[in-house]
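The values are calculated or read from the model by the stated rules, or taken from the named source; none is laboratory data. Everything quoted here is computed from the prediction, not taken from an experiment. Because the Cβ atoms are built from the backbone with ideal geometry, glycine has one as well, and the counts that use them run over all protein chains shown.
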Amino acid sequence: MKHLHYRVLAILVVYGALRFFGGSIGATILYPVTLLVTFLHEMGHALGALLTGGSVEGMQINPDGSGYTITRGGSRGVTLIGGYLGSAVLGNLLFRIGARHQALTHHTLLVLAGLMILAGIIWFQSLNSTALLFVFGLLLGFIALKTNWDQDVLMFLGLAAVLYIIQDFDTGPKSDLVMYEKVVGFFPYQIWMYIWLGLAGVLFLWNLKEIFR
């Protein structure tokens, strides 16, 4: 367990140094994390639609880290909240598997790689988007099949994704929040923003507690 504490601490130090002091070099190194967060966000929208009886007609991942998912039917509220909270759930899941279930890390990377490639095919929107998903997916597949870095890579991607999502609470999901206010109501989107952040924060703290239990 002490070994795990040191590994997590090392990931936090590396991520913090790259994110806050790395400048353009740090941003370049963390570019895969940015794309992963975008993919998890859009996959969260897709899952929200599918789980509530809707369908997914397209998914776009842009080189600048933005993206969108086209859905039809299902619960609009669940689909919208699925982007932010769904990506938080998926990021925490990746981190937990990497930290506590080493035997599953190899397969998890392969599943994640397969999902990216499959999304690029069945929810095709542009060659650029599909190419990004294919390259990322093939890279993860290479790491899983040809290296022994799978646990460290999965822990880093999962933890960095969760931290990125929490830090990005006031900008990344803004369009979803504005639409969520129109669909669900009750509160202005600024209040929903902090509710979503609170839920993501509680989920992360609970995950940490379970990991180090």
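Observations on the structure shown:
- Look at (1) over 18 Å from L47 (Cβ atoms); (2) surrounded by fewer than 16 Cβ atoms within 10 Å (Cβ to Cβ); (3) over 14 Å from the mean Cα position of the chain (by Cα) and you find that Q167 fails only one, number (3).
- Failed item in (1) under 19 Å from the mean Cα position of the chain (by Cα); (2) closer than 30 Å to L9 by Cα; (3) modelled with pLDDT under 90, with Q102 passing the rest: (1)
- Residue count, the range 170-203 (criterion: acidic (D, E), surrounded by 13 or more Cβ atoms within 10 Å (Cβ to Cβ) and assigned to a loop (DSSP other than H, G, I, E, B)): 0
- Where G158 falls short, out of the listed (1) at pLDDT 90 or above; (2) farther than 28 Å from G198 by Cα: (2)
- W206 touching a residue at least 12 places away in the same chain (Cβ under 8 Å), over 22 Å from L35 (Cα atoms) and in a helix (DSSP H, G or I): no
- Among the residues of the range 118-127, the ones that are part of a helix (DSSP H, G or I) and surrounded by 15 or more Cβ atoms within 10 Å (Cβ to Cβ) come to 2 in all.
- Considering residues of the range 136-161 that are small (G, A, S) and closer than 18 Å to N92 by Cβ only, the residue surrounded by the fewest Cβ atoms within 10 Å (Cβ to Cβ): A161
- Residue check: T130 meets all listed conditions (1) farther than 25 Å from G16 by Cα; (2) part of a loop (DSSP other than H, G, I, E, B); (3) of a type in the set (S, T, N, Q) but one, namely (2).
- Residue satisfying condition, being buried (at least 19 other Cβ atoms within 10 Å of the Cβ) and within 22 Å of L159 (Cβ to Cβ), within set Y15, Y31, Y6: Y15
- Residue match in the range 64-83 (condition: of a type in the set (D, E, K, R), within 17 Å of the chain's Cα centre (by Cα) and buried (at least 20 other Cβ atoms within 10 Å of the Cβ)): no
- Among residues of the range 104-128 that are touching a residue at least 12 places away in the same chain (Cβ under 8 Å) and of a type outside the set (S, T, N, Q), those with a beta-carbon under 6 Å from a residue that is crowded, with 20+ Cβ neighbours inside 10 Å and not in a helix (DSSP H, G or I) at least six positions away or on a different chain give the pairs A119/M59; W123/V56; W123/M59.
- No other residue among Y31, Y15 is among the aromatic types (F, W, Y) and touching a helix residue (DSSP H, G or I) at 6+ places or on another chain (Cβ under 9 Å) apart from Y15.
- Residues in the range 9-29 that are in contact with a Leu (Cβ under 7 Å, 6 or more places away or on another chain) and of a type in the set (A, V, I, L, M): I11, L18, I29.
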